[in-house]
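Just below is one structure, and these are the notes that go with it.
The values are calculated or read from the model by the stated rules, or taken from the named source; none is laboratory data. Just so it is clear, the model here is predicted, and its values are computed rather than measured. Cβ placement follows ideal geometry from the backbone for every residue including glycine, while neighbour counts extend to all protein chains displayed.
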Amino acid sequence: MMHDVIIVGGSFAGLSAALQLARTRRKVLVVDLGLRRNRFAAHSNGFLGQDGKAPGAIIAGARAQIAAYPNVTFIEGEAVSASGVSDDFRIELADGSLHHGRRLILATGVADILPDIPGLSDRWGDSVFMCPYCDGYELNRAAVGVLATGEHSMHQALLLTEWGQTTFFLNGAVAPDAEQAAALAARGVTIEETRVRAIGGERADVHLADGRIIPVAGLFTTGRMVMASPLAEQLGCAFEDGPLGSWVKTDDMRTTSIPGVYAAGDNVRLTGNVAFAVSDGAMAAAASHRSLVFEPAKAA
């Protein structure tokens, strides 16, 4: 079967795209491996109408609504390769099956490579976070920490003071100059230069190399961002580079550099957010549908 649009990825961006396209009555296929980036988080905070709800519950409800549209098909599996051109794309799954589509939306997301510190990854999404807008409020202005991974961590340390008394753990990743140190002091940030040995305790106690333990209610850090899927690279999509990694280059409608290929979600942004992902999905859906309508020579 030739689908009008194949969406790879069934999290917030992918399902948002699927819903918009479902209502166009086009034939849509959603391929989903089921590994959401925020699967480690118990709550999705700051998402309008769903504040505090479990991310998995939001996804399950959205998927059930979309499944009611008879023109949308879901397949659970891993898309391992993508090839072809506009009007004749081919997606191969790990089970060897091959699926054809006239347009592609890559909502494949990213993976976070965290600093290699014992106890850190175990608390990811529970007491170790990336986004203060998503998780800062629930800490109730208790002590918070920022684990530096590069110069960009300066901004995070300055910002976190909005949510609690902040300790900036440099961990050898950054050395504030005089101007930066003054800015941190002005915001009331405590600078800790001793290396971090481990993260322990019920929340995120920071164990230092000199034996001291500094308890914090939440620890914020940024890992290295890598594509969760090779499809965009296989198709030849252009990328942009930033301090945290690379992301797929798109225009405002989430059109990539490859005709007929669109991308949406955390794989097109420097930083991720559920609301942004949903918006991206809707944009990519509209762009792909308009392409089918207004490019009849290619869609024939």
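Structure summary
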| quantity | calculated |
| --- | --- |
| Count of residues meeting criterion [in a helix (DSSP H, G or I), of a type outside the set (K, R) and closer than 25 Å to S229 by Cα] in the range 102-133 | 2 |
| Hits in the range 148-201 (condition: in a loop (DSSP other than H, G, I, E, B), within 26 Å of the chain's Cα centre (by Cα) and within 22 Å of P118 (Cβ to Cβ)) | A148, T149, G150, L170, N171, A173, V174 |
| Residue within the range 211-224 that is under 16 Å from the mean Cα position of the chain (by Cα), within 30 Å of R23 (Cα to Cα), surrounded by fewer than 20 Cβ atoms within 10 Å (Cβ to Cβ) and of a type in the set (K, R) present | no |
| Residue match in the range 193-207 (condition: outside the structural domain of A148 (by TED's automatic domain parsing), at negative phi, in contact with a strand residue (DSSP E or B) (Cβ under 8 Å, 6 or more places away or on another chain) and hydroxyl-bearing (S, T, Y)) | no |
| Filtered residue count, the range 44-68, keeping only those that are outside any strand (DSSP E or B) and surrounded by 16 or more Cβ atoms within 10 Å (Cβ to Cβ) | 10 |
| Positions within the range 118-167 being in contact with a Lys or Arg (Cβ under 6 Å, 6 or more places away or on another chain) and either under 20 Å from G200 (Cβ atoms) or surrounded by fewer than 16 Cβ atoms within 10 Å (Cβ to Cβ) (or both), in sequence order | S127, G164 |
| From V293, V278, V226, residue being in a strand (DSSP E or B) and among the hydrophobic types (A, V, I, L, M, F, W, C) | V226 |
| When residues of the range 244-294 are limited to those that are among the β-branched types (V, I, T) and surrounded by fewer than 17 Cβ atoms within 10 Å (Cβ to Cβ), the one farthest from L15 (Cα to Cα) | V293 |
